[in-house]
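One structure is given below, encoded as structure tokens.
Bear in mind that the values in this text are calculations on the coordinates, not laboratory data. No experiment lies behind these values; they were computed from the predicted model shown. Cβ sites come from the backbone with ideal geometry, for glycine too, and all protein chains shown count toward neighbours.
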Amino acid sequence: MWTDSHCHLTYEGVGLGVLDAARSAGVGRLVTVGTDAASSAASVEVARSTDGVWATVGLHPHDATQGLDAIEGLLGAAGPEVVAVGECGLDYHYDHSPRSVQRAAFAAQVALAHDWGLALVIHTREAWDDTFAVLAAEGVPPRTVFHCFTGGTAEARRALDVGAWLSFSGIVTFPSAGDVREAAALCPLERLCVETDSPFLAPVPHRGKPNSPALVPVVGAAVAAAQGVAVPVIEEASTAAAAALFGLTG
């Protein structure tokens, strides 16, 4: 069984029909991720009503100016279907929210992960040093993942050294992503997850089309090639790693 450790089932145009295709492809567990109050609430509802699906509640750095009141309210009302805070973090590529606001929102969500005993899902883009600075100041939650890992071996070692998991997306299949493949090659199996980040970042040879959780095995095969192991090794290990990260059962 595969696990899609990060997808967006509630984004406009996705629809829950993707679940049938995912299950036909052997993807038995999915974590659908919130990026603001609306998508977080929708993700919680999907997880409550759908076997094999769990949710996260978070505020993406793009939307950091929205504030955390609604996110905190969702966490207060959450049940076991909510397994993580995030995705949250820093994105200095687009700067859709001021960097100081991003840092404050990220720090607050790190604190929420501690307070609620949940995993933390990190989005970081062109902001590695500040991301690690916030984590150092707030303390790294025991179960933390760098989703859609885009760094190289140096960033991978920094993340692993603070106890984090690494989650690899379709980027690992891109011809230009040799540094990401090198990071995947050194990641211990017990800290390695695979994801689609669907509907974004479809892997090769599906570029240019909407991504889907059914393509997790394509990502996993690329990770297996990077590690020099058989695909079933990554299937089993990544599912176990996601279960440990998010506390998934069933």
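Quick rundown of the values:
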read-out: Rg ratio (alpha-carbon, reference 2.2 N^0.38 Å) - the chain; value: 0.91
read-out: Spin-label pair VAL101/THR65, simplified geometry with 7 Å Cα→Cβ offset, distance in nm; value: 0.4 nm
read-out: Theoretical gain in end-to-end length, HIS93 to ALA225 [0.36 nm per residue, Cα-Cα removed]; value: 44.6 nm
read-out: Theoretical gain in end-to-end length, SER49 to MET1 [0.36 nm per residue, Cα-Cα removed]; value: 15.2 nm
read-out: Simple Cβ-charge dipole of the chain, Lys/Arg +1 and Asp/Glu -1, about Cα centre, in debye nearest 20; value: 460 debye
read-out: Rough spin-label spacing in nm, given labels placed 7 Å along Cα→Cβ, for VAL233 and VAL162; value: 2.9 nm
read-out: Sequence-separation-based contact order of the chain, relative, with Cα cut under 8 Å and 6+ spacing, percent; value: 19 percent
